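Peer 1: Supplied in structure tokens, the structure appears directly below.
Every read-out reported here was derived from the displayed coordinates using simple, explicitly stated rules and does not represent laboratory data. Computed from a predicted structure; not experimentally measured. Neighbour counts are summed over all protein chains in view; Cβ atoms, including those assigned to glycine, are modelled from backbone coordinates with ideal geometry.
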């Protein structure tokens, strides 16, 4: 019994487990707490931290902690959705390009080189201009991120597939008559899971910061939605009167990005050293 407990303690000391536990507990708490992020109380404007409002209130008397918690459902949840779409799209395109030969690979690389130069802000403005209502929102934000967000996954997958094609297990599968689709999906793709998973954590931080940045510029959810980037944009005009309205959501955005990036780095190091 004592040995079992010691084993769990040793595992929890590892950075990866600590980061995962902090993130899971924080996000689960934010998702489940019955908090009111929209209730206003003008008599409590710019109140400092207290028992009732742990992080104080904003310019409309709304609880800052409640808005951060509800905003996590939007910011983190939306980032995860965009990340999954980008990862699936990029991985499949990179797999096809890497498996279809040199000509397709060259066309793929030149196309990616052109698209990578297009900023997500420009895509968001184009989507807004082309939409029927001409108003920004989550759909506009999703399109702007996905249009360029799949590229890193496609590039990495393409490079990995080109490397894996020369492996002995691929040559063996070809020798026994396995088709290209079966080899790509059943043999090559599973061997890409480790590097792609660690890359997923690294890209989460990038997409989260992009979501916050575009929302800060007004291309995301509109007030009173408590998205983290939009909260920073709302609070900047009160920077001197109530700096916490900018600093707190900014720290949350950067802190979340750093924690997930740290988890990705730990995964990357451990997989490269064969610890998993």
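Peer 1: Express in % the proportion of alpha carbon pairs of region 173-230 at distances exceeding 19 Å. Show your work: numbers first, answer last.
Peer 2: Details: 945 of 1653 pairs.
Value for region 173-230 (Cα pairs over 19 Å): 57 percent.
Peer 1: Starting from the Cα-Cα distance between residue 41 and residue 121, subtract it from 0.36 nm times their residue separation and give me the gain in nm to one decimal.
Peer 2: Values: separation 80, 0.36 × 80 = 28.80 nm, distance 3.49 nm.
Net length gain for the segment: 25.3 nm.
Peer 1: Moving to a separate point now. How far apart, in nanometres, would the label points at residue 50 and residue 81 be if each is projected 7 angstrom from Cα along the Cα-to-Cβ direction?
Peer 2: Result: 3.6 nm between the two label points.
Peer 1: Which distance in Å, rounded to a whole number, links the C-alpha centroids of region 200-232 and region 55-79?
Peer 2: If you average the Cα positions of each part, the centres end up 13 Å apart.
Peer 1: How big is the shadow of the Cα convex hull of region 54-152, averaged over all directions, in nm²? Please list the in-between numbers first.
Peer 2: Details: hull surface 34.6 nm².
Orientation-averaged projected area of the Cα hull: 8.7 nm².
Peer 1: Rank by packing, highest mean first: peptides 214-225, 61-72, 43-54, with packing defined as the count of other Cβ atoms within 10 Å averaged across residues.
Peer 2: 61-72, 214-225, 43-54
Peer 1: Let me know the Kirkwood hydrodynamic radius for region 137-276, please, with Cα pairs as the basis and the value in Å to one decimal.
Peer 2: On the way: mean 1/r = 0.0560 Å⁻¹.
With all distinct Cα pairs of region 137-276 included, I get 17.9 Å.
Peer 1: Using r as the Cβ-Cβ distance of residue 237 and residue 185, and R0 as 45 Å, what FRET efficiency do you calculate, to the nearest 0.05? Don't jump to the answer; show the numbers that get you there.
Peer 2: Working: r = 53 Å, r/R0 = 1.17.
Computed FRET efficiency for residue 237 and residue 185: 0.30.
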